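Since the structure comes first, as structure tokens, the remarks are kept for the end.
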């Protein structure tokens, strides 16, 4: 009988009769107080009615009584995101941490946990501190803070300041041979963060003195090893752990050990493939030394129905964009290529994390893509062509393996948006009193450590690349890159027999950008490259990351125009 009542309630929900469904579901729970599905449906009804407190209460009950944990956790995230929750709820911590163990939910959980943490520790996280204090100490002992430091790249200067103050205090304590037990969970998480950001934080002369004292104090303990991992450059940290890997044993060090093993596997991949072009070899060497991007979780979009059976990821890097795409296009066969075996090793391990089986990886130059003897219905190539000696040759090679009715999604650097980067590079060289060839990783870390408040307020200094060393190198010190105006891109496409379809801006939620688009509102078929060129002139940061757009074969467009009497528009 309970099933019949529940079925009736579901019919009311489908009809949008949420109030009536709530009455029915409460009656069902009187009959069976442990029925997870009834609690889940109650949460859904209250969410539709924007009764957020009741919705959260019922979805927590569903989690408490149900076996379908993933579905209920996903619904919890849906409710919290819609509610824009502005109060700290202790009961949320356990299920949110449980959701963090689900790779496909992890990315969504992180900002929610950060909001809860800020509400939980207002004194530590409300205003900038100049010294280590009791509020920060309490924060370091919070498992949620440690989890967030461990699981995602820190991309704000406020949290970075807390980390630096804490790191300095713990280093002093370690050098004085004080007990570090209270700090071990934070140190473990900070070691994970330091590996992720490539040892980004600057080590001062005084820090080196303290580190020398720790190294000379005798046997390496778990505490002293973790402190060293939080200060040493990436390569030295990996090497030190290999020599002392037996020190970090037990479940409390599980995640840092997993990270160390992960990066070791990535760095040991040396199958460089058959790369012949001189510039390609230089770029390959750069990305073997600087895998890009560094990441731990990715936003997962829902599985999409697609007609694309064969897809090429030309320059997959470490797989951040690739993994999301592979999950949302699970029925497609994907070939992922890259110059760097290090990057491909990273992407392969991430594919295993997300249980992805529809990707084939290969180290190969885009210029040699014809050797695969395959034709692709869709090609993705973002952030790649502008690192080639002749991007036109790379684009032509990709076009040669694109099916007649296929499309390409491309990403190229904007000449206008990237103008400030020249000034930033000059500032680094001036600070270090050297030319570009004399820039070192330690030098970049030192320069970054003295950034002013004015620097940190600048949009370029706030992009994620500024928060890990490989990112800074890719952004500012790449050995080969070409930048474009949209007029130059139009010529590039014409020369390669390709036609612009539509633009996919990456900063579309910025208020300034939305205002410009509103002012220049037009239909999609009139959003030509010239249109976007005019938008960029009005707002130079419109393509601060890069131009991202879709193209088609020109002869395909002409055929569609001839057959249908209208131009193709996707």
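Miscellaneous remarks
- For region 249-269, filtering for residues that are at pLDDT below 95 and crowded, with 17+ Cβ neighbours inside 10 Å leaves 2.
- Residue check for residue 378: more than 24 Å from residue 282 (Cβ to Cβ) and either outside the structural domain of residue 193 (by TED's automatic domain parsing) or in contact with a helix residue (DSSP H, G or I) (Cβ under 8 Å, 6 or more places away or on another chain) (or both): yes
- If the condition is being crowded, with 22+ Cβ neighbours inside 10 Å and modelled with pLDDT of 95 or more, then region 299-325 contributes 311, 312, 313, 314, 315, 316, 317, 318, 319, 322, 323.
- Test for residue 281: is it at pLDDT 95 or above, farther than 25 Å from residue 151 by Cβ and outside any loop (DSSP other than H, G, I, E, B): yes
- One residue stands out in region 330-349 among those that are free of Cβ contacts under 8 Å to residues at least 40 places away in the same chain and farther than 17 Å from residue 374 by Cβ: the one that is farthest from the chain's Cα centre (by Cα), namely 331.
- Residue 446 fulfils the conditions (1) outside any loop (DSSP other than H, G, I, E, B); (2) more than 24 Å from residue 293 (Cβ to Cβ) except for a single criterion, (2).
- Qualifying positions in region 80-103 - closer than 25 Å to residue 350 by Cα and surrounded by fewer than 18 Cβ atoms within 10 Å (Cβ to Cβ): 97, 98, 101, 102, 103
- Test: residue in region 106-114 that is over 23 Å from the mean Cα position of the chain (by Cα) and part of a helix (DSSP H, G or I): no
- Which numbered condition residue 317 misses (of (1) assigned by TED's automatic domain parsing to the domain that holds residue 192; (2) in contact with a helix residue (DSSP H, G or I) (Cβ under 7 Å, 6 or more places away or on another chain)): (1)
- Of residues in region 400-427 being under 18 Å from residue 536 (Cα atoms) and out of contact with any strand residue (DSSP E or B) (no Cβ under 7 Å at 6 or more places or on another chain), the one surrounded by the most Cβ atoms within 10 Å (Cβ to Cβ): 417
- Any chance residue 58 is part of a helix (DSSP H, G or I) and either within 23 Å of residue 298 (Cβ to Cβ) or at pLDDT below 95 (or both): no
- Some residue of region 517-527 being farther than 30 Å from residue 235 by Cα, in contact with a strand residue (DSSP E or B) (Cβ under 9 Å, 6 or more places away or on another chain), surrounded by 15 or more Cβ atoms within 10 Å (Cβ to Cβ) and touching a residue at least 12 places away in the same chain (Cβ under 8 Å): yes
- From 361, 409, residue being in a strand (DSSP E or B), free of Cβ contacts under 8 Å to residues at least 60 places away in the same chain and farther than 17 Å from residue 495 by Cβ: 361
- Considering each residue of region 501-510 in turn, at least one proves to be in a strand (DSSP E or B), under 27 Å from the mean Cα position of the chain (by Cα) and either without any contact (Cβ under 8 Å) to a residue 60 or more places away in the chain or loosely packed, with under 14 Cβ neighbours inside 10 Å (or both).
- Checking each residue in region 59-74 for being over 20 Å from residue 108 (Cβ atoms) and in contact with a helix residue (DSSP H, G or I) (Cβ under 6 Å, 6 or more places away or on another chain) picks out 61, 65.
- Test set (1) surrounded by fewer than 22 Cβ atoms within 10 Å (Cβ to Cβ); (2) not in a loop (DSSP other than H, G, I, E, B) - residue 380 fails condition number: (1)
- Residue identified as modelled with pLDDT under 95 and either in contact with a strand residue (DSSP E or B) (Cβ under 9 Å, 6 or more places away or on another chain) or assigned to a helix (DSSP H, G or I) (or both) among 437, 430: 437
- Residue list for region 326-343, restricted to those being part of a helix (DSSP H, G or I) and surrounded by fewer than 20 Cβ atoms within 10 Å (Cβ to Cβ): 328
The values are calculated or read from the model by the stated rules, or taken from the named source; none is laboratory data. Because the structure is predicted, anything quoted here is derived from the model rather than measured. Glycine also receives a Cβ, built like all others from the backbone with ideal geometry; neighbour counts cover every protein chain displayed.
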